[in-house]
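Down below is the structure, laid out as structure tokens.
The values are calculated or read from the model by the stated rules, or taken from the named source; none is laboratory data. As the structure is a computational prediction, the values presented were derived from the model and not from experiment. Cβ sites come from the backbone with ideal geometry, for glycine too, and all protein chains shown count toward neighbours. Heavy atoms of the whole protein, side chains included, go into the accessibility calculation; ligands, DNA and RNA do not. Shrake-Rupley method; radii C 1.70, N 1.55, O 1.52, S 1.80 Å.
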Amino acid sequence: MLRKALLSTGRVSKSRGERLNSKEKKSELRFRFFIIQTIMIPLKHKISIISLGCARNLVDSELIIGKLKSKGFAIVEDADSADIVIINTCAFIEDAKREAIDIILKAVSLKKERRIGKLVVCGCLAQRYCEKLKKDIPEIDAILGVDDFKNISKALSSILRNEKFIAINPPGGIYSDKDPRLALTPSHYTYVKVAEGCENRCSYCAIYDIRGKLRSRPLSSIISEIKAFSGQKRRAELNIIAQDTTSYGIDRYGKFMLPKLLKKICQLKCAHWIRLLYTHPRHFTDELIDTIAGEHSICKYIDLPIQHISDKILSRMNRRINARQIETLIKKIRDRIPDVALRTSVIVGFPGETERDFNELLDFIRRTQFERLGAFIYSREEGTPAYNFKNQIAMGTKNRRLDKLMRLQQEISKGVNRHFLGKRLETLVEARSEKGIYTGRTQYDAPEVDGTVFIHSKKSLRPGQFVNVEITDTLEYDLVGKN
Ligand code: SF4
């Protein structure tokens, strides 16, 4: 029930097994069944992890189960059949917190029905609201902070002795290539977290309180990790992530090191596509633009959250960049990388946002024609400076602005997609749907958040394969084609 309920939320990503079609599932199950059987004989406890929130949290989940597997625990996909369920939570905004609580309570009801044994809650919600969780949901057996997943096996030993376990330390660490990781993504793509925490202190954001100050990983550790999981097998796609990837290195090396890091990763020839996510316009240098333009394997896709364009709102958000600088940066990027797909995210309903500010944002989006755009209503987060700002906007107004903005973006996206009609696009095959239609992504689509290419093909294609697809039809956010 929990798994189905979780999947219905659409926020928990389908596991490899759920994405595989029946044919592939059978062979996979046979393979898995064999492994689990082998592993389980000496081992008693089956662990299942539910990873919520962003890709950065997903990496933490992979480190948690990587550590447990290295300690001999059996990792199972289905929470319903697990002895211990671990929920790695998100607490960035109200919706994410509500969803995490929903899922924790579903696990609690399964625990009451003795369908699962123990419940562990970790991640951002645990870091931020440990005392409240302890008081309001006493059924939780262990609570671990964002950095405390290193204590996960100690936590499990305690709770298996029916002792509660709480570890919430101030965030200060960062994982290394020595930490075992067990992939939760399909094998053809993966995420590499190059830094933790953030120094930007945007006035609406609780990340600093949850994840702490910026901590860049040593360049050598990142390269070793990529070499390690690439091994002989060249990956299809490598996604470079952090809270703000463009700040990489400023804390450890005293200068922005992302261009150098990307060039080193390209030299490894370990992936067909290298994708950069979560940049900050304030730290987007000319050298970075040149690196993306000059390196063939770096996707011509730039994730550039601007959050707003009104100078008044940008300053109240403490984004430390103004409209003219954002416009100049975007013009530079489009001039230097003509076929680039620009993804951005914006917040509507920030305290003090007038109709005039909102229309300025709408007008900017209409003129800039972002290929990909995510919009959120402002979430009033306690502990952030904006929480106490005057002129908080009514929920009705926020929703009306969000709706208006997304209807505009829908029209823009339709227009962007129409340009691909009749063109041939290199496409990464991701899966085969029941109807025998394959699904895939182009370099202009990040995993889990952007569009899909529906591929009609008589050939037998496999996930992780790159094929050329002739685009025969276009939808609002997706493309249809043949191979
Ligand atoms: S860049 Fe701003 S919004 Fe993003 S994590 Fe850092 S403080 Fe939060």
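From the C-alpha coordinates alone, can you work out the Kirkwood hydrodynamic radius of the range 128-241, in Å?
For the range 128-241, the Kirkwood estimate is 16.5 Å.
Counting Lys and Arg as +1 and Asp and Glu as -1, each charge on the Cβ, what is the dipole of the chain about the Cα centre in debye, to the nearest 20?
980
I want the local charge near Val121. Using Cβ-Cβ distances under 14 Å, sum +1 for each Lys or Arg and -1 for each Asp or Glu among the other residues.
Computed value for this residue: +1.
Tell me, what is the per residue accessible area of the chain in Å², probe radius 1.4 Å?
44
Along the charge dipole of the chain, pointing to its positive end and built from +1/-1 on Cβ of Lys, Arg, Asp and Glu, which listed residue (Gly396, Gln410, Thr452) has its Cα farthest out?
Comparing the listed Cα positions along the dipole, Thr452 ranks first.
Applying the Karplus parametrisation 6.51 cos²θ - 1.76 cosθ + 1.60 with θ = phi - 60° to the phi angles of the range 87-98, what ³J(HN,Hα) value in whole Hz is obtained for each residue in order, glycine and proline being reported as x?
Per residue, the Karplus-derived 3J(HN,Hα) values read 10, 8, 8, 10, 9, 5, 9, 3, 4, 5, 5, 4 Hz.
Report, largest value first, the span of the C-alpha coordinates of the range 90-192 along each principal axis, in whole Å.
On the principal axes, the range 90-192 reaches 37, 33, 29 Å in Cα extent.
Can you give me the % of accessible surface on the chain that is carbon or sulfur? Probe 1.4 Å, all protein chains present, nothing else counted.
Result for the chain: 53 percent of the exposed heavy-atom area is carbon or sulfur.
Residue by residue, what Karplus-based ³J(HN,Hα) values in Hz, rounded to whole numbers, does the range 194-199 have, using 6.51, -1.76 and 1.60 with θ = phi - 60° and x for Gly and Pro?
Rounded to whole hertz, the list is 9, 7, 10, x, 7, 9.
Return an integer: the convex hull volume of the alpha-carbon atoms of the range 189-418, in Å³ per residue.
Taking only Cα atoms, the range 189-418 has a hull volume of 123 Å³ per residue.
Under 11 Å from the Cβ of Arg275, count the other residues' Cβ atoms, weight Lys and Arg +1, Asp and Glu -1, and hand me the total.
Summing Lys/Arg as +1 and Asp/Glu as -1 gives -1.
Could you give the semi-axes, largest first, of the ellipsoid that matches the range 379-483, computed as the square roots of 5 times the alpha carbon gyration tensor eigenvalues and rounded to whole Å? Spell out each step's value before the answer.
Numbers: eigenvalues 292, 54, 23 Å².
Equivalent ellipsoid semi-axes, largest first: 38, 16, 11 Å.
Are any of the pairs Lys46/Lys112; Lys213/Lys264; Lys67/Lys132 more than 20 Å apart by Cα-Cα distance, and if so, which?
Lys213/Lys264; Lys67/Lys132
Students often get this wrong: which residues of the range 311-341 have the backbone nitrogen under 16 Å from the point 7 angstrom along Cα-to-C-beta of Arg201?
315-321
About the Cα centre of the range 189-418, what is the dipole size in debye to 20, counting +1 per Lys and Arg Cβ and -1 per Asp and Glu Cβ, all else neutral?
Numbers: 42 positive and 26 negative charges, 81 e Å.
Charge dipole, the range 189-418, about its Cα centre: 380 debye, nearest 20.
What percent of all Cα-Cα pairs in the range 431-476 falls into each 10 Å bin, going from 0 up to the bin containing the maximum distance?
25, 61, 15
Work out how far the C-alpha atoms of the chain reach from end to end along every principal axis, then list the three figures in whole Å, largest first.
Rounded to whole Å, the extents work out to 61, 59, 45 Å.
Could you point to the residue in Ile265, Leu461, Thr185 farthest towards the positive end of the chain's charge dipole, with +1 and -1 charges on the Cβ of Lys/Arg and Asp/Glu respectively?
The Cα lying farthest towards the positive end belongs to Leu461.
From the backbone phi of the range 469-483, what are the Karplus-calculated ³J(HN,Hα) couplings (6.51 cos²θ - 1.76 cosθ + 1.60, θ = phi - 60°) in whole Hz, Gly and Pro given as x?
10, 8, 7, 10, 7, 10, 10, 4, 10, 10, 10, 10, x, 10, 10
Given charges of +1 on the Cβ of Lys and Arg and -1 on the Cβ of Asp and Glu, with all other atoms neutral, how large is the dipole of the range 424-482 about its Cα centre, in debye to the nearest 20?
460
For the range 282-430, take every pair of Cα atoms, bin their distances at 5 Å starting from 0, and report each bin as a whole percent.
2, 8, 17, 20, 18, 14, 10, 7, 3, 1, 0
Which order, highest average first, do 332-342, 47-57 follow once you tally other Cβ atoms within 10 Å for each residue and take the mean per peptide?
Values: 332-342: 15.8, 47-57: 22.5.
Those peptides, ordered most packed to least, come out 47-57, 332-342.
Note the per residue figure in Å³ for the convex hull of the C-alpha positions in the range 226-292.
Convex hull volume per residue, Cα atoms: 89 Å³.
Give me the Å³ per residue figure for the convex hull around the C-alpha atoms of the range 196-253.
It is 92 Å³ per residue.
Throw me the Rg/Rh for the range 66-148, computed over C-alpha atoms with Kirkwood Rh, two decimals. Working shown, then result.
Working: Rg = 12.6 Å, Rh = 13.2 Å.
When Rh is taken as the Kirkwood radius, the ratio is 0.96.
Per the chain: cysteines with no other Cys C-beta under 4.7 angstrom?
Cysteines of the chain left without a disulfide-compatible partner: Cys54, Cys90, Cys122, Cys124, Cys130, Cys198, Cys266, Cys270, Cys299.
Need the full-extension length gain, Arg252 to Asp290, defined as separation in residues times 0.36 nm minus the C-alpha distance. One decimal, nm.
Here the segment from Arg252 to Asp290 would lengthen by 11.4 nm.
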